[in-house]
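A short worksheet on the structure shown next.
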Amino acid sequence: MTIAQLQQKAKELRRAVLEMVAHAGSGHPGGALSSADVLTVLYYKYLRHRPQEPRWPERDRFVLSNGHICPILYAILADRGFFPKEELKNLRKLGSILQGHPSLAFKTPGVEHSGGSLGLGLSVSVGMALAAKLDKKDYKVYCLISDGECQEGQTWEAATAAVHYKLDNLCAMLDRNGTQIDGRTEEIMKIEPIAEKWRTFGWNTLEIDGHDYEQIISAFEQFLKNQGTGRPTMIVARTVIGKGVSFMEGDYHWHHGAPTPQQLEQALRELA
């Protein structure tokens, strides 16, 4: 896909996210919108997968550590053909395969990790990447984490382990939108200088504008070129919570919550 096509696809996915959350009456739209561009490039340009064979052994793995932003993952999986798009209307319904956090218990096609307990996803990804090395498989492991998770000790234990085991097949992406449920990250628990911290831990660390497609593509290309170095890659993507919707952008209150019918109408117009 061209950059223009990827940008248009991201708009479609953002609209799907808002419609899902509005229909459910609850959810977490802010981070889903801020990470949409990075995940669009990953799933439509780089991630090796087979929608009709979700457990294909040679597939690349994607772990959504900050599982509450799953509406964007579900929108992508449906669009790629892992399950019918009609299923998106069942977000957060009792018994649905599309719960408020991804769950392996519901056997959702394309979901690799039960997200929700923040801070766990990178550790799971380290295990997957290490398994690939031990089994002499060439699949890659991608993991999206939130900046709030960088306040947790387990994230840094995983960061240490990834370097120790030379997991250059692991690419972590940090959705650095600067917010968490209670407010701005730097007011709650400062994490800057975040890129320097990852470099100090030994990661191949890249800083990008998480809404600039040329920079996103370049970062993934650098990850692929990094194979054989023994260093895992961290992409620090500076993003805006609620990206694409004027009344949501930069407002941490949209970490969670559903738009009203009037707000949904406005948001869909802005994303047309």
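Around the Cα centre of segment 109-165, unit charges on the Cβ atoms of Lys, Arg, Asp and Glu (plus for the first two, minus for the last two) sum to a dipole of about 300 debye. Placing +1 on the Cβ of every Lys and Arg and -1 on the Cβ of every Asp and Glu, with nothing else charged, gives segment 140-272 a dipole about its Cα centre of roughly 500 debye. Number of Lys-Lys pairs in segment 115-272 with C-alpha atoms under 14 Å apart and a separation of 8 or more places or on different chains: 4.
Ranking MET234, MET128 by solvent-accessible area of protein heavy atoms (1.4 Å probe, all protein chains present), from largest to smallest, gives MET128, MET234. Computed about its Cα centre, the charge dipole of the chain is approximately 860 debye, with only Lys, Arg, Asp and Glu carrying charge at their Cβ. With the highest mean first, a sort of the peptides 109-117, 49-57 on other beta-carbon atoms found within 10 angstrom per residue produces 109-117, 49-57. Largest first, the residues PHE201, PHE83, PHE247 sort by 1.4 Å accessible area into PHE201, PHE247, PHE83.
Sequence-distant contacts, meaning Cα pairs under 8 Å at least 6 residues apart, place the relative contact order of segment 60-182 at 28 percent.
For segment 1-27, list residues with backbone N below 17 Å from a point placed 7 Å from the Cα of LEU268 toward its Cβ? The answer is 11-26. Couplings 3J(HN,Hα) of segment 78-91, computed from phi: 5, 5, 7, x, 5, 7, x, 4, 4, 5, 4, 5, 9, 3 Hz, in residue order, whole Hz [Karplus 6.51 cos²θ - 1.76 cosθ + 1.60, θ = phi - 60°; x for Gly and Pro]. Note on the chain: antiparallel DSSP beta bridges, both residues inside, total approximately 10 percent of the bridges counted.
Solvent exposure of the chain amounts to 42 Å² per residue of accessible area, where only protein heavy atoms count and the probe is 1.4 Å.
Ranked by the mean number of other Cβ atoms within 10 Å of their residues, highest first, the peptides 5-14, 263-272 fall in the order 5-14, 263-272. Ranked by the mean number of other Cβ atoms within 10 Å of their residues, highest first, the peptides 158-164, 71-77, 88-94 fall in the order 71-77, 158-164, 88-94. The value of relative contact order for segment 1-47, using C-alpha pairs under 8 Å at least six residues apart, is 50 percent. Projected label points at GLN227 and THR260, each 7 Å from Cα along the beta carbon direction, are separated by 5.2 nanometres. Think of the chain as a dipole: +1 on every Lys or Arg Cβ, -1 on every Asp or Glu Cβ, centred on the Cα centre; then among HIS101, PRO51, ASN66, PRO51 lies furthest on the positive end.
Pairs of Cα atoms nearer than 8 Å and 6+ residues apart set the relative contact order; for the chain it is 24 percent. By accessible area, using a 1.4 Å probe on protein heavy atoms only, the chain has 51% of its surface on carbon and sulfur. Between LYS133 and MET189, the simple label model (points 7 Å from Cα in the Cβ direction) yields a spacing of 2.7 nm.
The values are calculated or read from the model by the stated rules, or taken from the named source; none is laboratory data. Since the model is a prediction, treat every value here as computed from it, not as a measurement. Don't worry about glycine lacking a Cβ; one is built from the backbone with ideal geometry, like all the others, and counts go over all protein chains shown. Areas reflect the complete protein model, heavy atoms only, side chains present, ligands, DNA and RNA absent. Shrake-Rupley method; radii C 1.70, N 1.55, O 1.52, S 1.80 Å.
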